[in-house]
Amino acid sequence: MPSTPIESLLFRDMFGTPEMRAVFSDEAVIGRYVEAEVALARAQARLGVIPPAAAAGIAAGAQSLAIDWPRLQRETENVGYPILPLVHQLSEAAGEAGRFLHWGATTQDIMDTASVLQLRAALDIVGRDIGVLRGILADLALRYRDTPMAGRTHLQQALPITFGYKVAIWLSMFDRHAERLEQLRPRVLVGQFAGAAGTLASIGQAGLEVQAGFCEELGLGQPAMTWHVARDGIAEAVSFLGLVTGSLAKLATDIMLMMSTEFGGEVQEPFVKGRGASSTMPQKRNPISCELILAGTAAVRQQVGLILQGMVQDFERATGPWHLEWVAVPESFILAGGCLRQAIGMLGGLVVDPARMRTNLDLTGGLVVAEAVMMAAAPALGRQHAHDVVYDACRAAITSGRRLAEVLAGMPEVVAALGGVDGVERHCDPANYLGLAPQMVDRLLASRQAGTGQS
């Protein structure tokens, strides 16, 4: 029976996706090992290292190979690695050509290359989902460009912003993640073929040519140097997921708080009958996607720490840190894929309540724009005197329960400084003190359309 949430029949599609799990399944990883062995044989045959007939026989054996899984498991547990047991079965399937299988390679060459092939497929999924998420966020930012709401610092109302501005901040992070992904691909997506100690001694002078041909067969970059114990590429890929899921956690935290009763449901996750329901409280509508994102992203951050520990390798072939990648890489990608799917579903149907945002913005009776009043009065009263006058007005509004505009309307010097009672009302309206929030949304969206900046 499955023993973890990412394998569980109950929970696996809450914390992951079938597509991402398929990339890291046993069948897929063995398929990648076989793919690497066949590519190596083809490259060596082209360069005359092994007979062309041998490469053809190995490829044919790979096509007809029917894995004996119980045998593979037994031998893997005995050897400690799956490559030698797989080579036994593949060489048997290849017949006479099997004598040339795995020529000059070491176990880690095949396993590392297979891992990179998995990373390529997994990063393609992540990149696609980031693209979908960016499109949803761009639409939301534009739609709510001018929708005023309370900006909050230290969980207190600070100054007015727009919901589109908030969404644009989320979007800017994922624009940068898309850029990071393209930048890391050439560093991460390189093959590994270097032999026992990484010097290609078993191949001789043709070693680097074989390495280049091997990588070319698989559509991977050729490494500048052996990376058996230089694990920064793998660590960068998982650390990238830490950044992506960190941004997802920030987004989910905002939405979860905005869904709370005290915020009046400024936004809500999409309504699906029964989703987020309580077994005892019929009124509940819990932020299920946010909760799953926050749990999944926290687990990914743990895997980032694990993958960084795996960089601490001894000499030219490590004694154990490499094995940490076998845990960290698939789990981090499956969890990150699940978090991205939850975010896409949630944001794609996000319910936004501009009226509730405006109601909450008016909760302070205008105190949220005290800065606006002070700065508008400063040219006539002087900055410090304007500050003191408005400070006193705020205290009076708080103690009396009146709106700030009502208090200020009874202060002749302020009324004069603001151009009359209408001026007082105008400056006390939070919708008139949005700063450049809408223009910042425009700038971000324009930079994306132009393909410049964070695009």
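Numbers below:
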read-out	value
Phi-based couplings in Hz for the range 108-115 (Karplus 6.51, -1.76, 1.60; Gly and Pro marked x)	5, 4, 6, 5, 5, 5, 4, 4
Inter-centroid distance (Cα atoms) of the range 200-241 relative to the range 377-433, Å	68 Å
Amide H within-cut-off set for Gly151, under 5 Å, with H built and near neighbours excluded	Ala158, Leu159, Ile161
Nitroxide proxy distance, nm - points 7 Å out along Cα→Cβ at Phe271 and Leu208	6.7 nm
Residues whose placed amide H lies under 5 Å from that of Gly265, excluding near-sequence neighbours	Ser260
For q = 0.12, 0.13 Å⁻¹, Debye-computed log10 I/I(0) when each Cα of the range 331-439 counts as one equal scatterer	-0.53, -0.57
Contact order relative to length of the range 142-238, as percent, for alpha carbon pairs under 8 angstrom and 6 or more apart	21 percent
Residues in the range 298-330 reached by a label modelled at Thr199 [backbone nitrogen below 18 Å; 7 Å Cα→Cβ]	315-318
Sites excluded, trypsin sites (Lys or Arg not before Pro) in DSSP loops with at most 12 other C-beta within 10 Å, longest stretch of the chain	1-272
Kirkwood Rh in Å, taken over all unlike Cα pairs in the chain	26.0 Å
3J(HN,Hα) from dihedral phi, the range 143-149, Karplus parametrisation 6.51/-1.76/1.60, rounded to Hz, x for glycine, proline	5, 10, 3, 10, 7, x, 7
Modelled FRET efficiency - R0 25 Å, Ile398 with Ser260, Cβ distances, 0.05 increments	0.55
In sequence order, calculated HN-Hα J values of the range 180-189 (Karplus, 6.51, -1.76, 1.60; Hz; x Gly/Pro)	4, 4, 5, 6, 7, 3, x, 7, 8, 8
Accessible surface of the range 163-204, 1.4 Å probe, proportion on carbon and sulfur as whole %	56 percent
Surface per residue (accessible, 1.4 Å probe) for the chain, Å²	46 Å²
Using a Förster distance of 41 Å, the FRET efficiency for Val132-Thr76 (Cβ separation, nearest 0.05)	0.65
222 nm mean residue ellipticity, helices alone, for the chain (DSSP H n ≥ 4; -39,500 (n - 2.57); rounded to 500)	-21000 deg cm²/dmol
Extended-chain gain in nm, criterion 0.36 nm per residue less alpha-carbon gap, Ser8 and Met225	74.1 nm
Stokes-Einstein diffusion coefficient of the range 1-144, Kirkwood radius over Cα pairs, 25 °C, 0.890 mPa s, in µm²/s	140 µm²/s
Calculated log₁₀ intensity ratio I(q)/I(0) where the Debye formula runs over C-alpha points of the range 62-122, q = 0.18 Å⁻¹	-0.73
Paramagnetic reach from Tyr391 (point 7 Å along Cα→Cβ, amide N under 16 Å) across the range 359-374	370-374
Inter-part distance where the range 19-42 and the range 145-170 are each reduced to a Cα centre, Å	47 Å
Kirkwood-Stokes translational diffusion coefficient of the range 4-85, alpha-carbon pairs, 20 °C, 1.002 mPa s, µm²/s	143 µm²/s
Cα-projected label distance for Asp422 with Arg443, points at 7 Å along beta-carbon direction, nm	3.3 nm
Descending semi-axes in Å of the range 208-359, equivalent ellipsoid built from Cα gyration tensor	43, 16, 13
Percent carbon-and-sulfur accessible area, the range 281-349, ignoring ligands, DNA and RNA, probe 1.4 Å	62 percent
Distant-in-sequence amide H partners of Val190 (H built 1.01 Å from N, under 5 Å)	Gly221
Where labels lie 7 Å past Cα in the beta-carbon direction, separation of Ile67 and Ala380 in nm	8.0 nm
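The values are calculated or read from the model by the stated rules, or taken from the named source; none is laboratory data. Keep in mind that what you see is a predicted model, and the values were worked out from it rather than measured. Cβ: placed from backbone, ideal geometry, glycine included. Neighbour counts: every protein chain shown. When the accessible area is computed, the model is the full protein with side chains, heavy atoms only, and any ligands, DNA or RNA have been set aside. Shrake-Rupley method; radii C 1.70, N 1.55, O 1.52, S 1.80 Å.
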